[in-house]
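Some notes on the structure that comes next.
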Amino acid sequence: QVQLVESGGGLVQPGGSQRLACATSGLTSKAYSIAWFRQAPGKERQGVSCISTEDGSSYSKDSVKDRFTISRDNPNTIYLQMDNLKPEDTGIYYCAAAENYYCTAPVLSDAGLYDYWGQGTQVAVSS
């Protein structure tokens, strides 16, 4: 019944912008960490940014803090605004939800905490 559906991926040139969306359904608990992970070619899956559904607190990894913004403008939709994209941002971006967790650096770093995952959307940053 739980569904996470990503959208907004595609090809973009370095320095460009892209906005991802994660549409959620069936998340009935009060508190989740909703996170974006990415899997770069030949690299391990890594947390990018997360947001707490209860209080809106968020955290992003250092390499994207000055370029990416996570938000929850709709109770059921989480966005990732990506600006000044770099080739190293290339990868498959996944939306994930960890039940009964707040978004913190340790929670973002532990993919095993996340109960639900979307299918992913490809982001390719190339000239």
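The values are calculated or read from the model by the stated rules, or taken from the named source; none is laboratory data. Just so we're clear, the structure is a prediction, and the values are computed from it rather than from any experiment. With ideal geometry, Cβ positions are generated from the backbone for all residues, glycine too; neighbour counts draw on all protein chains shown. Side chains included, ligands, DNA and RNA excluded: accessible areas come from the protein's heavy atoms. Shrake-Rupley method; radii C 1.70, N 1.55, O 1.52, S 1.80 Å.
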Can you tell me which residues in the range 75-90 are in a helix (DSSP H, G or I) and open to solvent by 30 Å² or more (accessible area, probe 1.4 Å)? P87, E88
Kindly state which strands (runs of 3 or more DSSP E) lie completely within the range 1-74 and contain at least 3 residues that are in contact (Cβ under 8 Å) with a residue 12 or more places away in the chain and touching an Asp or Glu at 6+ places or on another chain (Cβ under 9 Å). 18-25, 32-39
Give the number of residues within the range 91-116 that are part of a helix (DSSP H, G or I), out of contact with any helix residue (DSSP H, G or I) (no Cβ under 7 Å at 6 or more places or on another chain) and in contact (Cβ under 8 Å) with a residue 12 or more places away in the chain. 4
Candidates S17, S33 - the one that is open to solvent by 60 Å² or more (accessible area, probe 1.4 Å) and modelled with pLDDT of 95 or more: S17
Scan of the range 1-14 for residues that are surrounded by 15 or more Cβ atoms within 10 Å (Cβ to Cβ) and not aliphatic (A, V, I, L, M), ordered by number: E6, G8, G9
